[in-house]
1. Using only C-alpha positions, report the orientation-averaged shadow area of the convex hull of the stretch 215-263, nm², one decimal.
2. To the nearest 10 degrees, how steep is helix 166-178 against the longest Cα principal axis of the chain, on a 0 to 90 scale?
3. Which value, in Å to one decimal place, does the Kirkwood hydrodynamic radius take for the stretch 171-234 when every pair of different Cα atoms is included?
4. Could I get the Rg over Rh figure for the chain? Both from C-alpha atoms, Rh via Kirkwood, rounded to two places.
5. Would you work out the relative contact order for the chain, in percent, from Cα pairs under 8 angstrom that are 6 or more residues apart?
6. So what's the back-of-envelope 222 nm ellipticity for the chain, counting only DSSP H runs of four-plus at -39500 (n - 2.57) apiece and dividing by all residues, rounded to 500?
7. Can you figure out the FRET efficiency of residue 281 with residue 68, using R₀ = 25 Å and their beta-carbon distance, to the nearest 0.05?
8. Take the alpha carbon atoms of the stretch 39-95, find their center, do the same for the stretch 160-202, and report the distance between the two centers in whole angstrom.
């Protein structure tokens, strides 16, 4: 073989190898840490769960999963950060009922579109929420709370996550139904709300039960009702909303995972597999049960279908609460 022929064969081999190298590079995801945006305060039950899940996810994905809290404005701050992130598979986002279903109904000029800006990855869990009061309050049931709120000369305070948040919607619903004037006080997560109720800074909170368990066990907070269809095994003596006379309030909090629109399908599928695997692991399910949440995972397509149904349910609840949309104005 002469030198020119040999050089030509080498050049052809190099050209044929270029697409293979590109294909191998495309399949290398992930090759650096993955950021998980959490739109709620550190220490809240969802933050605690996702921080516990992070090392399990890292083991399955082969790269660190780093939690980054982006709090405020009923999840809008975190959702906006997610929508603006590079769609390369290295940013994933915790989303929930407010960011994906209620905010579009409650605010005009949102800085994100819950349908156009995200690709669903998987649902994660349903929350068991509890209505609770400080033990210094002279109420031991929802009926007694209703009577006390009606008779109170000063408006009782109710912990929310800001204007238009899920707790704020419940507060408006209760005020409309009871003819009361309870006042919302905004916090950045369920953990801070639970601490505020325990410290008697506010009168009432309605957040994930996992946020309140420590205060309930310490005798600082009194649970009045849970949002689930059946009584929680963690609080078997506490009635459900339906048993307490709040059966018309049908909505239930949930959390899931989404990614910026345009994230590669291969990354979405691998993220889905990792999250579903972790949240289905029997050891992790036991941990979730202690946090008072119910695992609820599935395919991206199943999560997309769930979101469509949840938005329809949110529309019905907003009508009942008689909440008119407000223009969203970001904090200065």
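1. Values: hull surface 22.8 nm².
Hull-based average projected area comes out at 5.7 nm².
2. So the inclination is approximately 30 degrees.
3. Details: mean 1/r = 0.0780 Å⁻¹.
Its Kirkwood hydrodynamic radius stands at 12.8 Å.
4. On the way: Rg = 23.6 Å, Rh = 21.3 Å.
Rg divided by Rh gives 1.11.
5. Numbers: 609 pairs, mean separation 85.3, N = 332.
Averaging sequence separation for qualifying contacts and normalising by length gives 26 percent for the chain.
6. Numbers: 11 runs with 142 residues, N = 332.
That comes out to -13500 deg cm²/dmol.
7. Details: r = 24 Å, r/R0 = 0.96.
Efficiency at R0 = 25 Å is approximately 0.55.
8. 24
Since every read-out is calculated from the coordinates, none of them should be taken as a lab result. Values in this document were obtained by computation on a predicted structure and should not be read as measured data. Cβ coordinates were reconstructed from backbone atoms using ideal geometry, including for glycine residues, and neighbour counts include every protein chain displayed.
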